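Student: Let me begin by handing over the structure; questions about it come next.
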Amino acid sequence: TNVHPTVLNLDIFPFKNVDIVADAAALPFADNSVDMLISESTIEHTREAERAITEMRRVVKPGGFVYVSIPFVMPFHASPNDYMRLTHEGLKQQFFDFTPLKIGALGGPASALVTFLMYFLALPFSLISEAVYNLATYFFMVVLSPLRFLDALFNLFPRALEVSTLIYFIGKKR
């Protein structure tokens with residue numbers, strides 16, 4: 001589903017509802033031409049992440065906005081591959097020409113613990129087969145997921161950002 005007629009969805013693959021097929025490391029937009037850029041958990045999947053970030057900074061116009069989310073404390077997850085993580089300080093540094101408006105956690109410390117535990121507990125099943133490992137991962141995800149509700153409490157603490165699953169950055173270009 002398209003979010004809004006004025007919102008363009010860009011992806012490297014021609015999925016349904018993708019308006020523009022392109023690589024994030026070579027955005028097909030003019031300098032300073034985009035009002036807002038949203039990157040939802042994609043930078044880590046970009047082979048040339050630094051170049052993609054430079055492209056994001058290039059296309060957003062002065063006074064425009066950027067919303068970026070990226071995993072921080074999360075295991076490897078290929079889609080099609082997984083190349084990097086950034087801290088909240090790393091996001092501020094990468095988007096140095098943006099005034100940070102808000103930086104926070106999407107998945108807090110409890111989500112990080114659940115994510116690691118589901119892979120950790122499923123790991124012995126990988127000796128049996130990849131399929132059993134995947135099934136065990138989903139099983140432990142279902143069993144452990146109620147613990148994620150603790151993030152409502154943990155995210156009240158400022159230091160929770162230091163061990164969160166996903167972090168986000170909202171900034172305004174100077």
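Student: Would the stretch 53-70 turn up any residue that is surrounded by fewer than 18 Cβ atoms within 10 Å (Cβ to Cβ), without any contact (Cβ under 8 Å) to a residue 40 or more places away in the chain, touching a helix residue (DSSP H, G or I) at 6+ places or on another chain (Cβ under 7 Å) and farther than 15 Å from TYR168 by Cβ?
Tutor: There is no residue in the stretch 53-70 that is surrounded by fewer than 18 Cβ atoms within 10 Å (Cβ to Cβ), without any contact (Cβ under 8 Å) to a residue 40 or more places away in the chain, touching a helix residue (DSSP H, G or I) at 6+ places or on another chain (Cβ under 7 Å) and farther than 15 Å from TYR168 by Cβ.
Student: Taking the conditions exactly as written (in contact (Cβ under 8 Å) with a residue 60 or more places away in the chain and open to solvent by less than 80 Å² (accessible area, probe 1.4 Å)), does LEU144 satisfy them or not?
Tutor: For LEU144, the condition - in contact (Cβ under 8 Å) with a residue 60 or more places away in the chain and open to solvent by less than 80 Å² (accessible area, probe 1.4 Å) - is not met.
Student: Count, please, the residues in the stretch 71-80 that happen to be buried (at least 20 other Cβ atoms within 10 Å of the Cβ) and part of a loop (DSSP other than H, G, I, E, B).
Tutor: 3
Student: If we scan the stretch 81-99, do we find a residue that is open to solvent by 50 Å² or more (accessible area, probe 1.4 Å), hydrophobic (A, V, I, L, M, F, W, C) and over 22 Å from ARG51 (Cβ atoms)?
Tutor: no
Student: Mind listing whichever residues of the stretch 5-47 are farther than 21 Å from LYS173 by Cβ, assigned to a loop (DSSP other than H, G, I, E, B) and open to solvent by 80 Å² or more (accessible area, probe 1.4 Å)?
Tutor: PRO5, ILE12, PHE13, PRO14, PHE15, LYS16, ARG47, listed by residue number.
Student: Let me ask another. Go through the stretch 122-174 residue by residue and tally those that are in contact with a strand residue (DSSP E or B) (Cβ under 8 Å, 6 or more places away or on another chain) and not in a helix (DSSP H, G or I).
Tutor: 12
The values are calculated or read from the model by the stated rules, or taken from the named source; none is laboratory data. Computed from a predicted model, the values in this text were never measured in an experiment. Because the Cβ atoms are built from the backbone with ideal geometry, glycine has one as well, and the counts that use them run over all protein chains shown. Please note that ligands, DNA and RNA were not included when accessible areas were found on the heavy atoms of the full protein model with its side chains. Shrake-Rupley method; radii C 1.70, N 1.55, O 1.52, S 1.80 Å.
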